[in-house]
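Worksheet: the structure to be examined is printed underneath.
The values are calculated or read from the model by the stated rules, or taken from the named source; none is laboratory data. Nothing here was measured: the structure is a model prediction, and the numbers come from that model. Note that we place each Cβ from the backbone using ideal geometry, even for glycine, and neighbour counts take in every protein chain shown.
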Amino acid sequence: MDAEQVRRDVRAWLEANWNPELSLVEWRAKLADSGWGCPTWPVAWHGRGLPAALGDVVAEEFERIGAVSTPGGGGMSLAAPTILEHGSDELKSRLLRPIITGEATWCQLFSEPGSGSDLAGLTTRAELDPVTDEYVVNGQKLWSTSAHHARFGMLLARTNWDVPKHRGITYFALEMQQPGVVVKPLRQMNGYASFNEVFLNDARVPAANAIGEVGNGWTVALATLAHERRSFDALRAARAPKGHGRALDEQRRETAEIMAPYVWYPQRAGRADLVVERAKATGRNADPVVRQEIVKLLSLARASEWTARRAKAARVLGRPPGPEGSLGKLYASEVARACARVHTLISGTDSLLAGADGPLEGIIAEILLSVPAVSIAGGTDEIQRNIVSERVLGLPKDPTLDADRPFRDVPRNRL
Amino acid sequence: MRFGPTEEQEALRREVRRFLDERSPVTEVRRLMETPEGYEPGVWKTLAQELGLPGVAIPEAYGGQGLGFAELGIVLEEMGRALYCGPYFGSVALAANAILNAGTEAQKAALLPALASGDAIATLAVAEPNGRWDTAGIAAEARAGAGGATLHGEKSFVLDGLRADFFVVAARGPAGVGLYHVRGDADGVVRRPLQTIDPTRKLARLELHGARAESLGDANGAAALSTTLDQAAAMLSNEMAGGAQKLLEMTVEYAKTRMQFGRPIGSFQAIKHKCADLLMAQELARSSAYYAAACADEAREELPAIASLAKAQVADAYLRIAAESIQIHGGLGFTWEQDVHLYFKRAKASEVLLGEPSYHRELVAQRWGI
């Protein structure tokens, strides 16, 4: 199967089938039936078994014609690949199709108040009720994007306390719409509430909803986390095509909902793009100290882009990945923090003003109050440095105290 | 813009590394740094005649290999890695490029083949005892006289200035700052070695008492000088990146094997996080150095800003890696016997040669119109 053949096939199919006046669900049902919505998935499960490069060809044709594709968000980018990799056939036939049509959205129920960097130390418990063959779940989760409207949660819960921490976890598909699940917005230090905390009080999940083996949830969770690293691509894919029609209008609303939690993300990254114009607008570019700090910041930002380009070039040539590929997240933290310092240097006392009183209608204040998230979200810088020093530099691991003893005996937070 | 090396470039790197591993091990570096000449003529001859390294970026028309700054950068990166002691940077990265940038066709044809073959060694004399690297800092005078110009003044920080067969000297003439060719054995040339902190690279002071000189190309060579210094900043960045890389490897290896408190010190987060930070700095440094070399080949309009960016960033990274490497080596790191100090000294000297980091950052600000 070559790229031109795939291009001809998808083009012919889109020309025959794309109709913006269908409802979003009607149109995506066609995607699920034809395999063109998820061309890299297996033929047996709504896909066409194409390699990733040919999947890109299909995406290009969707974009060219302006046809709606599969939904953005955690269902497609996290839950579906995890289910495909580890779920039973029964779960695949039940759960995948509504993800493609957008009827079932998903959220992650991983992090807990007592388990941040040490995700495998989670203490939400799931106990089997043999009468109903359901697990009864109790605990608290947080940082769950979209949990307030999700139909399913990707739940990690402890099902065995008598084995070491990595071996007693099970991964479930939890129905969110039930009395035992209470979702509350979690307010952040920058004032937004982009995530939720989720309280599980005797929530119930059928044993058949375990994804992968009972007790093997950590392996399954690693699959989800591997896909999470690519989730920014998924956010980009959530951009709505232009044009009008029922499906397009419905998708725009869907995209707006998915993207709503992320409005402050550009500020979280530090907005290096604003630095020079701000320095000129305030006249601070005449100060030699400010000039030095601006150039330091922009040198760092440019060089980290070049480092990413080097990593990409090596990948394209099929060379083994060098250290340059593992550092992007740490560079993003460093850039963001440097931005916050330089914006403060430029704005001076005005840095404390927010909203309509603040520089750039509050954008500078939003930067200063959002940057602290970068070095925490998705793995703290400290954990990232462990990974880099152990996997890239080959330094020995820190001895652990909890990996080889029953989790029941491991000291943990009292909350 | 290319972001990955070609197969040919990787082959060149392997060849240079193999040669330097064999002919310029650290024992040789330690021997040569104690000598006044500071290099081994036999090794220079082999690297010139068998590997053709001095001519790597000199066009074929003038006896070189006709490759570019990317390749010259690779050679320098490997030399920085090995702390190679020899007149390569001054003769090739400075003098040959100055002649290429400023010289007439006849001057290039007359001067470059001997540099490409390694038979002659030259260097560039720009800075003066005032330590400035901008054209405004140049006070040495070129006076017109019967039978050509004569030079008057004093130059400092001249790389391999004791050994050079001829000099390219920046001096101020009636038409502005220009570049002049001066024979090493000309009357009125007095040179003396400088005592420096980095014994692996020999510097000299040069007094010019009416030495006979020939203007390279136009008597106004300010633009050619500026381009030469940008290219040199890009190339020194590559040399520094090579030294920093080797030092990081040595230090990480040490952290894996040095036992304290019953475990390798590299298992302590205080050390491993430091190593991760140094790796980050080093990867940025390499990216900037490579990008600057690529600009010298492919995007000359970007070169002035990017060369200065790289010079400042890589110098900071190299010095930081050197200082932290001493720290990670602990007390042993402060001894003469450990090799770390050799790199620290090269890092410190390279930090300020061609202009210290804040000078280059100010140039970036000006060149980006900030």
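Test of understanding: among A:L401, A:L395, A:L345, A:L415, which residue is among the hydrophobic types (A, V, I, L, M, F, W, C), modelled with pLDDT of 95 or more and outside any helix (DSSP H, G or I)? Result of the check over A:L401, A:L395, A:L345, A:L415: A:L395.
The number of residues in the range B:349-369 that are closer than 20 Å to B:R300 by Cα and either at the interface with another protein chain (Cβ under 8 Å from one of its Cβ atoms) or touching an Asp or Glu at 6+ places or on another chain (Cβ under 6 Å) (or both) comes to 5. Selection within the range A:314-326: residues that are in contact with a helix residue (DSSP H, G or I) (Cβ under 7 Å, 6 or more places away or on another chain) and outside any helix (DSSP H, G or I). The member of this set that is farthest from the other protein chains (Cβ to nearest Cβ) is A:P321.
Can you name the residue in the range A:317-374 that is of a type in the set (V, I, T) and within 26 Å of the chain's Cα centre (by Cα) and, of all such residues, is nearest to A:N285 (Cα to Cα)? Per the criteria, the residue is A:I364.
Tallying residues that are in a helix (DSSP H, G or I) and surrounded by 17 or more Cβ atoms within 10 Å (Cβ to Cβ) within the range A:14-33 yields 7.
With respect to the stated conditions, A:A336 fails to be surrounded by fewer than 22 Cβ atoms within 10 Å (Cβ to Cβ) and at negative phi.
B:I58 meets each of the listed conditions (1) part of a helix (DSSP H, G or I); (2) aliphatic (A, V, I, L, M); (3) crowded, with 24+ Cβ neighbours inside 10 Å apart from (1). Might you let me know whether the range B:192-210 holds any residue that is in contact (Cβ under 8 Å) with a residue 40 or more places away in the chain, hydrophobic (A, V, I, L, M, F, W, C) and either within 14 Å of chain A (Cβ to nearest Cβ) or within 24 Å of B:A317 (Cβ to Cβ) (or both)? Within the range B:192-210, one or more residues are in contact (Cβ under 8 Å) with a residue 40 or more places away in the chain, hydrophobic (A, V, I, L, M, F, W, C) and either within 14 Å of chain A (Cβ to nearest Cβ) or within 24 Å of B:A317 (Cβ to Cβ) (or both). A Cβ distance below 7 Å, combined with a sequence gap of six or more or placement on separate chains, defines the contacts here; from the range A:289-313, residues that are facing chain B (nearest Cβ under 7 Å) reach residues that are modelled with pLDDT under 95 in the pairs A:T307/A:E324; A:T307/A:L327; A:R309/B:F3; A:R310/A:E324; A:R310/B:F3; A:R310/B:G4; A:A313/B:F3; A:A313/B:G4. Evaluating A:L222 against the criteria (1) loosely packed, with under 15 Cβ neighbours inside 10 Å; (2) more than 14 Å from chain B (Cβ to nearest Cβ); (3) touching a helix residue (DSSP H, G or I) at 6+ places or on another chain (Cβ under 9 Å); (4) at pLDDT 90 or above leaves one unmet condition, (3).
Under the condition of being of a type in the set (D, E) and in contact with a helix residue (DSSP H, G or I) (Cβ under 7 Å, 6 or more places away or on another chain), the residues counted in the range A:110-144 number 2. In the set (1) over 25 Å from A:P113 (Cα atoms); (2) of a type in the set (G, A, S); (3) modelled with pLDDT of 90 or more, the condition left unmet by A:A238 is number (3).
Does B:E239 fit the bill of being surrounded by fewer than 24 Cβ atoms within 10 Å (Cβ to Cβ) and either in contact with a His (Cβ under 6 Å, 6 or more places away or on another chain) or at pLDDT 95 or above (or both)? So B:E239 does not fit the description; no. For the range A:190-204, how many residues meet the condition of being small (G, A, S), crowded, with 19+ Cβ neighbours inside 10 Å and out of contact with any Gly (no Cβ under 7 Å at 6 or more places or on another chain)? Going through the range A:190-204 one residue at a time, the tally reaches 1. Taken over the range B:338-370, the criterion of being in a helix (DSSP H, G or I) and closer than 18 Å to B:Q231 by Cβ is satisfied by B:S350, B:Y359, B:H360, B:L363, B:V364, B:R367.
Filtered by the rule that a residue be buried (at least 24 other Cβ atoms within 10 Å of the Cβ) and either among the β-branched types (V, I, T) or under 25 Å from B:Q338 (Cβ atoms) (or both), the range B:220-235 gives a lone residue, B:T228. The set of residues in the range B:1-56 that are hydrophobic (A, V, I, L, M, F, W, C) and within 14 Å of chain A (Cβ to nearest Cβ) comprises B:M1, B:F3. Considering only residues of the range A:276-288 that are in a helix (DSSP H, G or I) and not hydrophobic (A, V, I, L, M, F, W, C), which is nearest to the other protein chains (Cβ to nearest Cβ)? The residue in question is A:N285. The condition of being buried (at least 22 other Cβ atoms within 10 Å of the Cβ) and either within 30 Å of A:R7 (Cβ to Cβ) or out of contact with any His (no Cβ under 7 Å at 6 or more places or on another chain) (or both) holds for only one of A:A104, A:A80, that being A:A80.
Does any residue of the range A:330-342 turn out to be outside any helix (DSSP H, G or I), more than 9 Å from every other protein chain (Cβ to nearest Cβ) and not aliphatic (A, V, I, L, M)? No. Only one of the listed residues (A:L298, A:L327) is modelled with pLDDT under 95 and either surrounded by 17 or more Cβ atoms within 10 Å (Cβ to Cβ) or among the basic types (K, R) (or both). That residue is A:L327.
A single entry from B:E249, B:E239 fulfils the requirement of being without any contact (Cβ under 8 Å) to a residue 24 or more places away in the chain and outside the structural domain of B:R143 (by TED's automatic domain parsing): B:E249.
Taken over the range A:356-392, the residue count meeting the criterion of being more than 14 Å from chain B (Cβ to nearest Cβ), surrounded by fewer than 22 Cβ atoms within 10 Å (Cβ to Cβ), out of contact with any Ser or Thr (no Cβ under 8 Å at 6 or more places or on another chain) and not in a loop (DSSP other than H, G, I, E, B) is 9.
Can you find even one residue in the range B:259-268 that is basic (K, R) and either in contact (Cβ under 8 Å) with a residue 60 or more places away in the chain or crowded, with 19+ Cβ neighbours inside 10 Å (or both)? Taking every residue of the range B:259-268 in turn, none turns out to be basic (K, R) and either in contact (Cβ under 8 Å) with a residue 60 or more places away in the chain or crowded, with 19+ Cβ neighbours inside 10 Å (or both). Applying the set (1) closer than 27 Å to B:L363 by Cβ; (2) charged (D, E, K, R); (3) out of contact with any Pro (no Cβ under 8 Å at 6 or more places or on another chain) to B:E207 leaves exactly one unmet item: (1).
If you filter the range B:266-323 down to residues that are under 18 Å from A:K296 (Cα atoms) and in contact with a Cys (Cβ under 8 Å, 6 or more places away or on another chain), you find that the one that is farthest from the other protein chains (Cβ to nearest Cβ) is B:L303.
Would you check if B:T27 is more than 19 Å from the chain's Cα centre (by Cα), outside the structural domain of B:W336 (by TED's automatic domain parsing) and either more than 24 Å from B:A109 (Cα to Cα) or crowded, with 18+ Cβ neighbours inside 10 Å (or both)? Against the criterion (more than 19 Å from the chain's Cα centre (by Cα), outside the structural domain of B:W336 (by TED's automatic domain parsing) and either more than 24 Å from B:A109 (Cα to Cα) or crowded, with 18+ Cβ neighbours inside 10 Å (or both)), B:T27 qualifies. Each residue in the range B:41-55 was checked for being surrounded by 19 or more Cβ atoms within 10 Å (Cβ to Cβ) and either touching a Leu at 6+ places or on another chain (Cβ under 8 Å) or at positive phi (or both), and 4 of them qualify.
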